[in-house]
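Asks: The structure's right below; bear with me while I get my questions together.
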């Protein structure tokens, strides 16, 4: 299973995106792993972990604009706002659903690569679960934005 396209605006001009990815993964997967018994009986327990540990790094409007494509210009401001709110909730629920489907044992971030001159860096995280034949591959895209140049 592979999940992709998480867009982040966290600065990687000041801090390596690999360091930020490690910190985010350790917090998110650590919280989920520590609460797996509770999550097994109530899947909604995972949602706050995704909301608090992962979603602050997600640039919902940027990702939503990519989804809307050419339709963005035809939408009113109210329609855009409603879409971005719904899209953010969808991303949150989607990640929570995927992450509750595995019993997280370990996670590993790919070895750092050069980020010089890049505005978007893709970082793979392999998440292994108990009894899983193959790790789940999560590709996170860290994007440098105009605020952090």
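Asks: Tell me, yes or no, whether the stretch 57-67 has at least one residue that is assigned to a strand (DSSP E or B), surrounded by 13 or more Cβ atoms within 10 Å (Cβ to Cβ) and in contact with a strand residue (DSSP E or B) (Cβ under 8 Å, 6 or more places away or on another chain).
Replies: For the stretch 57-67, residues assigned to a strand (DSSP E or B), surrounded by 13 or more Cβ atoms within 10 Å (Cβ to Cβ) and in contact with a strand residue (DSSP E or B) (Cβ under 8 Å, 6 or more places away or on another chain): present.
Asks: Still on this model: If you take the residues of the stretch 123-143 that are surrounded by fewer than 16 Cβ atoms within 10 Å (Cβ to Cβ) and within 24 Å of residue 66 (Cβ to Cβ), which of them is modelled with the lowest pLDDT?
Replies: Step one: filter the stretch 123-143 for residues surrounded by fewer than 16 Cβ atoms within 10 Å (Cβ to Cβ), giving 126, 130-134, 137, 139.
Checking which are within 24 Å of residue 66 (Cβ to Cβ) leaves us with 137, 139.
On the way: 137: 89, 139: 92.
Residue satisfying both the conditions and the ranking: 137.
Asks: From 103, 33, 38, 27, which residue is under 25 Å from residue 134 (Cα atoms) and at pLDDT 95 or above?
Replies: 27
Asks: Taking into account only those residues within the stretch 95-112 that are loosely packed, with under 15 Cβ neighbours inside 10 Å and touching a residue at least 12 places away in the same chain (Cβ under 8 Å), which is nearest to residue 54 (Cα to Cα)? Spell out the reasoning first.
Replies: Taking the stretch 95-112 as the starting set, the residues that turn out to be loosely packed, with under 15 Cβ neighbours inside 10 Å are 97, 101, 106, 108, 110-112.
Cutting the leftovers down to touching a residue at least 12 places away in the same chain (Cβ under 8 Å) gives us 97, 106, 108, 110, 112.
Numbers: 97: 14, 106: 18, 108: 16, 110: 18, 112: 20 Å.
Restricting to residues being loosely packed, with under 15 Cβ neighbours inside 10 Å and touching a residue at least 12 places away in the same chain (Cβ under 8 Å), the top hit is 97.
Asks: Still on this structure: What about residue 39, is it in contact (Cβ under 8 Å) with a residue 60 or more places away in the chain, more than 25 Å from residue 143 (Cβ to Cβ), out of contact with any strand residue (DSSP E or B) (no Cβ under 7 Å at 6 or more places or on another chain) and assigned to a helix (DSSP H, G or I)?
Replies: Numbers: in contact (Cβ under 8 Å) with a residue 60 or more places away in the chain: yes; more than 25 Å from residue 143 (Cβ to Cβ): yes; out of contact with any strand residue (DSSP E or B) (no Cβ under 7 Å at 6 or more places or on another chain): yes; assigned to a helix (DSSP H, G or I): yes.
When the stated conditions are applied, residue 39 passes them.
The values are calculated or read from the model by the stated rules, or taken from the named source; none is laboratory data. All figures in this text were calculated on a predicted structure; none of them were measured in a lab. Ideal geometry is used to build each Cβ from the backbone, glycine not excepted, and the neighbour counts take in all protein chains shown.
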